[in-house]
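Values in this text are rule-based calculations from the coordinates and carry no lab data. In this text the structure is predicted, and so the values were computed from the model without any measurement. When we count neighbours, we look across all protein chains shown, and the Cβ atoms used for this are built from the backbone with ideal geometry, even at glycine.
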Amino acid sequence: MSTIREILQRKGGTVLTIDRRASVLEAIGTMSKANIGALVIVEGGRHVGIFTERDYLRKIALEGRSSRETRVEQVMSAPLITVAPAEATQRAMETMTERRCRHLVVGDADEMVGIVSLGDLVKHMLVEKEAEVQQLSSYISGSY
């Protein structure tokens, strides 16, 4: 059974953060520049929430708010939904489905060690299934 740790080993553990008082415009600029879909929101060194593309769409664009004048703390999703590095990828996907989110912050004790998206999980599971098919094909054809 694969774990979140395996995904982070392949992907890396970099997590971009932004201060809770930053404007939404700053946040989406950072996200666009880094080609990512979420930023973890920090306050005094603590992780207090997450701001995602979905938050922007639902809480800024659809409500007619100003990206320049709205602070991320006003529209972030909180509390953070977290997962341990040792968590099974299947369980993490179930958590995303149950909690209706697309990003999980990966934490080890009180330390944030990464972030995984739904896309990361799907990609990992596809790679696993392709390897399984290859192994079964080799077994069937006798070239194992």
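Annotations for the structure displayed:
- Hydrodynamic estimate: the Kirkwood radius of the chain over Cα pairs, inserted into Stokes-Einstein at 4 °C and 1.567 mPa s, corresponds to D of 78 µm²/s.
- C-alpha center-to-center spacing [segment 74-142, segment 13-61] in angstrom: 21 Å
- Surrounding net charge for G44, when Lys and Arg each add one and Asp and Glu each subtract one, Cβ distance under 13 Å: 0
- Relative contact order of segment 1-81, taken over Cα pairs closer than 8 Å and 6 or more residues apart, is 32 percent.
- Under 23 Å of direct C-alpha separation, and excluding same-chain neighbours fewer than eight residues apart, K11 reaches these lysines: K33, K123, K129.
- Point-to-point label distance, M125-R99, nm (Cα→Cβ direction, 7 Å offset): 1.7 nm
- Gaussian network model of the chain, springs between alpha carbon atoms under 10 Å - residue of V42, V24, V83 with greatest fluctuation: V42
- Ranked by the mean number of other Cβ atoms within 10 Å of their residues, highest first, the peptides 72-81, 4-13 fall in the order 72-81, 4-13.
- Relative contact order, percent, the chain [alpha-carbon distance under 8 Å, six or more residues apart]: 26 percent
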